[in-house]
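Trainee: To start, I am sharing the structure in question, which I have written as structure tokens.
The values are calculated or read from the model by the stated rules, or taken from the named source; none is laboratory data. Note that this is a predicted model, so its numbers are computed, not measured. Backbone-built Cβ (ideal geometry, glycine too); neighbour counts: all protein chains shown. Only protein heavy atoms, including side chains, enter the accessible area calculation; ligands, DNA and RNA are left aside. Shrake-Rupley method; radii C 1.70, N 1.55, O 1.52, S 1.80 Å.
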Amino acid sequence: MDASPEGRATLELGQELVRLGHESIVVSAGGELKDRLVLRGSRHVDMPLDRRRVLALRLVRPLRRLLLELDVDVVHARAPLPAWLFHLAIRGLPEAQRPKFVTSAHRVYKGGLFNSVMAAGQQVMAVSEFVAAQLRSEFSKKLVSTPEIVPGGINTRELDRNAPVSGHWHQRLLNDFPQLEGRNWLLLPAPLAPGMGHQQFLEMLSALNRQRGDIFGLVVGEVPPGGDKYARKLEQLALDLDLSGRVLFMGPRRDMRELYASARITYCLNETPEAYGQTAAEALAMHCPVIGYDLGGMAELLQKHFPLGLVHPGDPESLLRVTLAVLDGPVQVESSGLSLESMSQQVLSLYARA
């Protein structure tokens, strides 16, 4: 279980199922989220489901035995290889002993036999209409039922907008970065990689600072392996735009709740259409306005929860204009339907229909 969209969704759903009195069993090759999964009440079964496809076929019989031993009601597959293995394991069971087979797509899957299993569930979930449309387009012959939209849930007990930001946290941050005092913080949480909108964000900050002096940019995110050259390029761009006292590259942070709560705006400027937009959903759940590109799942998310924040990709004037409109406010964020509780109720309803 790595920190992919599928891994995080498995962790959060497992926690909710346990909280609601159900048994949650996750079969995976382990990974960085495994310990957290077990601590939150799910059971974990180690199997090397990350093997190469041909070798992985050896796992079909052990999985079939496991399903019988555990008397499983529903198998929920979130990625093609585990989906195929469980699909084959279930087909080999007597019909009366077969658990229901559910699949959920948290990313866009291109056509082809291997990926087609994501449309083979008795019930199929998609994290957005953008992903559902792709499933209908690529795998129309495989779909048994119309994909149901189940957005990713946000753990609002951890991202609690009603919990006050600690004065100690705020003072410590200002001690580390005194230049933040008295400024409006604009937050861009994204890995320092091409296509994530950093250049557009910096250029927007430069234009904004020519109009008002109360703005400060916070860039939060890790440098991916091999990305040092690109990170240095962004830092040089900030210097060239005369932003040395107006922007901070903060690296990865563990205090995102406090940053969302304290920022005036969160930006999600991925230039490639996203399946959903988890970062944007986290900020919106904290009632922080989000500005993002009118693409893919991000467009759906903002259209529902903060339509003012939609901007055309590659349109710096639109980005600046919407930023000023939000800063001049007041604005209102609609956060209903973003919680884990809402997501888990949809999933359980779908399980029941299966």
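Every residue, every condition in (1) open to solvent by 60 Å² or more (accessible area, probe 1.4 Å); (2) under 25 Å from residue 136 (Cβ atoms); (3) polar (S, T, N, Q), yes or no:
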| site | (1), (2), (3) |
| --- | --- |
| 26 | no, no, no |
| 45 | no, no, no |
| 57 | yes, no, no |
| 63 | no, no, no |
| 68 | yes, no, no |
| 87 | no, yes, no |
| 100 | yes, yes, no |
| 109 | no, yes, no |
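Trainee: For residue 125, work out the one condition from (1) farther than 30 Å from residue 217 by Cα; (2) open to solvent by less than 80 Å² (accessible area, probe 1.4 Å); (3) without any contact (Cβ under 8 Å) to a residue 24 or more places away in the chain; (4) not acidic (Asp, Glu) it doesn't fulfil.
Mentor: (3)
Trainee: Specify which of the listed residues (33, 143, 81) is of a type in the set (A, V, I, L, M, F, W, C), modelled with pLDDT under 95 and more than 22 Å from residue 354 (Cβ to Cβ).
Mentor: Matching residue, one of 33, 143, 81: 33.
Trainee: Answer with yes or no whether residue 315 is surrounded by fewer than 17 Cβ atoms within 10 Å (Cβ to Cβ), of a type outside the set (A, V, I, L, M, F, W, C) and under 18 Å from the mean Cα position of the chain (by Cα).
Mentor: no
Trainee: Further question: Kindly indicate whether residue 300 is touching a residue at least 24 places away in the same chain (Cβ under 8 Å) and part of a loop (DSSP other than H, G, I, E, B).
Mentor: When the stated conditions are applied, residue 300 does not pass them.
Trainee: I've got another one for you. Which of (1) open to solvent by 30 Å² or more (accessible area, probe 1.4 Å); (2) out of contact with any helix residue (DSSP H, G or I) (no Cβ under 8 Å at 6 or more places or on another chain); (3) touching a residue at least 60 places away in the same chain (Cβ under 8 Å) is the odd one out, the single condition residue 197 does not satisfy?
Mentor: The number of the failed condition is (1).
Trainee: Ok, one more. Looking at the range 318-347, which of its residues are closer than 23 Å to residue 272 by Cβ, of a type in the set (Val, Ile, Thr) and either modelled with pLDDT under 95 or open to solvent by 10 Å² or more (accessible area, probe 1.4 Å) (or both)?
Mentor: Matches in the range 318-347: 322 only.
Trainee: Enumerate the helices (runs of 4 or more DSSP H) found wholly within the range 1-94, keeping only those where 2 or more residues are free of Cβ contacts under 8 Å to residues at least 40 places away in the same chain and either over 25 Å from residue 346 (Cα atoms) or among the hydroxyl-bearing types (Ser, Thr, Tyr) (or both).
Mentor: In the range 1-94, 53-56, 60-70, 80-91 are the helices (runs of 4 or more DSSP H) which contain 2 or more residues that are free of Cβ contacts under 8 Å to residues at least 40 places away in the same chain and either over 25 Å from residue 346 (Cα atoms) or among the hydroxyl-bearing types (Ser, Thr, Tyr) (or both).
Trainee: Can you find a residue that is within 19 Å of residue 194 (Cα to Cα) and among the hydrophobic types (A, V, I, L, M, F, W, C) anywhere in the range 342-349?
Mentor: No.
Trainee: Separate question: Can you find, within the range 131-184, the residue that is surrounded by the fewest Cβ atoms within 10 Å (Cβ to Cβ) among those that are under 23 Å from residue 282 (Cα atoms) and of a type in the set (Gly, Ala, Ser)?
Mentor: Within the range 131-184, the match that is surrounded by the fewest Cβ atoms within 10 Å (Cβ to Cβ) is 167.
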